[in-house]
Amino acid sequence: MSISRRAFVKNVGLATLAAPFVPLHANTQSADHLEVHLFSKHLHFLDIKQAAQVAAELGFAGLDLTVHPKGHVRPENVTADLPRAIQDIKDAGSSCRMITTTVADVEHHLDVDVVKTAAAEGVGFYRSNWFKYKEELTLEASLEHYKDKVEQLSELNEAHDIIGCYQNHSGTKVGASVWEVKKILENANPAFFGTQYDIRHAVAEGGRSWPNGVRLLKDHIKTIVLKDFKWGKVNGKWRIVNVPIGEGMVDFSAYFKILKSFDLKPPTSLHLEYPLGGAEKGRYEINVDQKIVFDAMKKDLATIHQLWENA
């Protein structure tokens, strides 16, 4: 699926009817704003240069590029394709300081290739894969196992001057509790491996205790993810229902105040996981007009900037 620059500009112009105005080519990433990057998963229906053009036109600081088996760049092709992708992003007027990966183990040569290539191309941060608890080990032993893996990754990162991040994530994988994240980071070089803090997942798992989680990990937060949710009944069962920024249970005002109190303004990735015709799931073909997706991205970005400014 292709998109011309003229068609895109037309779409963005129409989008202002449905979202707060963000002028084309304007630098909405001012010194007072969070540096918000657009997760390229939600633009898999475009090629990399087109995705970067969208990010630039909408006012994002850059792309958080997917570099994994279902991403814009596949790990087996990373040494050739990532440099081309980074150049395409620059040519489109955007940047790529962050990538999302399945990096998990220094003993996996593709993982090492991703880290080394990303570092050589000037990427500052990568999100690692999530770890699963091992059935043959106790929970505590599993955490010790992954603590060693993270320490080794931090050493690899130091050698190539790039920062790895582990994302806290709701569910049963390692890191649903932020205390698990704290544990696996114990032996890592804190300058080269930390956390990608996800407030949506922290609230889903922590309820009212999430501020403690921010305080617990404040010295390890390297990047953050922004998205929102609420609990709702779906087919008679309580489920997480993903919603646009500011329409759910995440208290962004309180969260941003806490970040500011710790003088934290880390690079930020915007995720859009509410229904967008398949774009929310990273599909390469979507069943809604592209304009609907662009409208949602633009609206969430404007909401983030307003919430941050007011916090």
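Values quoted throughout were computed directly from the atomic coordinates according to the rules given, and no laboratory measurement underlies them. These numbers come from a predicted model, not from an experiment. Note: ideal-geometry Cβ built from the backbone for every residue, glycine included; neighbour counts use all protein chains shown.
Of everything in segment 185-207 that's closer than 15 Å to Cys165 by Cβ and among the aliphatic types (A, V, I, L, M), which residue is surrounded by the fewest Cβ atoms within 10 Å (Cβ to Cβ)?
By that ranking, first place goes to Ala191.
Where residues in segment 234-251 are charged (D, E, K, R) and in a loop (DSSP other than H, G, I, E, B), which of them is surrounded by the fewest Cβ atoms within 10 Å (Cβ to Cβ)?
Our first condition is that a residue be charged (D, E, K, R); within segment 234-251, this holds for 237, 239, 247, 251.
Filter once more, keeping what is in a loop (DSSP other than H, G, I, E, B): 247, 251.
Working: Glu247: 14, Asp251: 16.
It comes out as Glu247.
Which one is surrounded by the most Cβ atoms within 10 Å (Cβ to Cβ), of the residues in segment 276-298 that are assigned to a loop (DSSP other than H, G, I, E, B) and within 18 Å of the chain's Cα centre (by Cα)? Reasoning before the result, please.
Just the residues of segment 276-298 that are assigned to a loop (DSSP other than H, G, I, E, B), to begin with: 276-278, 282-289.
Those left that are additionally within 18 Å of the chain's Cα centre (by Cα): 276, 278, 282-283.
Working: Leu276: 20, Gly278: 17, Gly282: 18, Arg283: 16.
Of everything passing the filter in segment 276-298, Leu276 is surrounded by the most Cβ atoms within 10 Å (Cβ to Cβ).
Find the residue count for segment 255-275, including only residues that are in a helix (DSSP H, G or I), touching a residue at least 40 places away in the same chain (Cβ under 8 Å) and not aromatic (Phe, Trp, Tyr).
At the first step, the residues of segment 255-275 found to be in a helix (DSSP H, G or I) are 255-261.
In the following step, the residues that additionally are touching a residue at least 40 places away in the same chain (Cβ under 8 Å) were identified as 255-260.
Subsequent filtering for residues that are not aromatic (Phe, Trp, Tyr) retains 257-260.
Count: 4.
Which residues, taken from segment 144-167, are closer than 12 Å to Pro190 by Cα and small (Gly, Ala, Ser)?
Of everything in segment 144-167, those that are closer than 12 Å to Pro190 by Cα and small (Gly, Ala, Ser) turn out to be Ser154, Gly164.
Keeping to segment 64-107, report how many residues are part of a helix (DSSP H, G or I), touching a residue at least 40 places away in the same chain (Cβ under 8 Å) and out of contact with any Leu (no Cβ under 9 Å at 6 or more places or on another chain).
The number of residues fulfilling the criteria is 2.
Restricting the first residue to segment 213-225 and requiring it to be farther than 16 Å from Met98 by Cα, which pairs with a second residue that is part of a helix (DSSP H, G or I) and among the basic types (Lys, Arg) meet a Cβ separation below 6 Å and a spacing of at least six or different chains?
Leu216/Lys182
Against the condition within 23 Å of Ile221 (Cβ to Cβ), out of contact with any Lys or Arg (no Cβ under 7 Å at 6 or more places or on another chain) and of a type in the set (Ser, Thr, Tyr), how does Ser128 come out, does it pass?
On the way: within 23 Å of Ile221 (Cβ to Cβ): yes; out of contact with any Lys or Arg (no Cβ under 7 Å at 6 or more places or on another chain): yes; of a type in the set (Ser, Thr, Tyr): yes.
So Ser128 passes the test.
Hey, among Ala85, Ala104, Ala92, which residue is surrounded by fewer than 23 Cβ atoms within 10 Å (Cβ to Cβ), over 20 Å from Val225 (Cα atoms) and small (Gly, Ala, Ser)?
Numbers: Ala85 fails: surrounded by fewer than 23 Cβ atoms within 10 Å (Cβ to Cβ); Ala104 fails: over 20 Å from Val225 (Cα atoms).
Residue meeting the stated conditions: Ala92.
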